[in-house]
Amino acid sequence: MKIITLENAAQIGEQLGRYYVDFVKAHPSCVLGLATGATPLPTYAAIVKAFQAGEVSFADVTTFNLDEYCDLPKENKNSYYTFMWQNLFQYLDIKKENVNFLDGNAADYDAESRRYAEAIRAAGGIDLQFLGIGRNGHIAFNEPADAFTDEPFRVALTQSTIDANSIYFDDAPMPHYAMTMGIGSIMRSKQIVLVATGESKAQAVKGMIEGEVTPRLPASVLQQHADVTVYLDKAAASLLG
Ligand code: F6R
């Protein structure tokens, strides 16, 4: 794992946004794995700024998002579909048909999981995967568990995740289930960047980097990936030895 510690979230966004722009310029037909939540917002803002300055095109880029809530219409303001269009895709020249999400309202969750896994494989796999980390060490919605998962699946969210994300649900109850890529789907990405900002992530970051590899702290599995870069702000890095 390569660790890069910067002063704050804004600096990470600038640096990582620049990395994405250079990556897409070098690999115009790349496949990006994308995350939602507060963590990627400064990076997405930097990408949009560069696009608007005419520096890069996403016309041939394909994306796969990590996860989506179940039982929430995709038009709801808190769906990850809406989040991605509002915060990134609407500003870019990306083609709608190249944007992929898990369907949290699928009639058959197993079939939907297989469809997504197959779509990732058919696209040639993920070249560069963005990850945030939960306070409990989750990546995507792989919550602490007895074993590492592999392909996409439907997950029951833990109380820690419900507590962290329910602040966004002011008009409807927060879903307790989600569809998520599995750990295997994430680990098969060729390159991974994980960003953690803020003091609330410091304990999970310490476990991820310095602890044993265990499904009880799912992000720790990244120690076994050959190409991971972790971007931390000072607060998230504060417990590292
Ligand atoms: C979101 C996702 C989650 C978040 C994590 C951190 O697509 O997969 O694992 O990255 O819950 O969320 P924030 O960034 O809101 O602290």
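Brief remarks on what is shown
- Pairs, first part of a loop (DSSP other than H, G, I, E, B) in segment 122-145, second acidic (D, E), C-beta under 6 Å, six or more apart: A140/D67; F141/D67
- Options E112, E143: the member that is within 11 Å of the ligand (Cβ to nearest atom), open to solvent by less than 40 Å² (accessible area, probe 1.4 Å) and of a type in the set (D, E): E143
- Residues that are in a helix (DSSP H, G or I) and of a type in the set (A, V, I, L, M, F, W, C) within segment 186-200 comprise I186, M187, listed in sequence order.
- Taken over segment 169-185, residues that are in contact with a Leu (Cβ under 7 Å, 6 or more places away or on another chain) and either in a helix (DSSP H, G or I) or buried (at least 24 other Cβ atoms within 10 Å of the Cβ) (or both) amount to 4.
- Among the conditions (1) open to solvent by 20 Å² or more (accessible area, probe 1.4 Å); (2) in contact with a Leu (Cβ under 9 Å, 6 or more places away or on another chain); (3) within 11 Å of the ligand (Cβ to nearest atom); (4) under 30 Å from V21 (Cα atoms), R135 misses just one, which is (2).
- Among the residues of segment 63-99, those identified as open to solvent by 30 Å² or more (accessible area, probe 1.4 Å) and under 14 Å from F130 (Cβ atoms) are F83, N87.
The values are calculated or read from the model by the stated rules, or taken from the named source; none is laboratory data. None of these values were measured; they are calculated from a predicted model. For neighbour counting, all protein chains shown are included, and Cβ atoms are generated from backbone atoms with ideal geometry for every residue, glycine included. Just the protein is used for accessible areas: all its heavy atoms, side chains included, with ligands, DNA and RNA removed. Shrake-Rupley method; radii C 1.70, N 1.55, O 1.52, S 1.80 Å.
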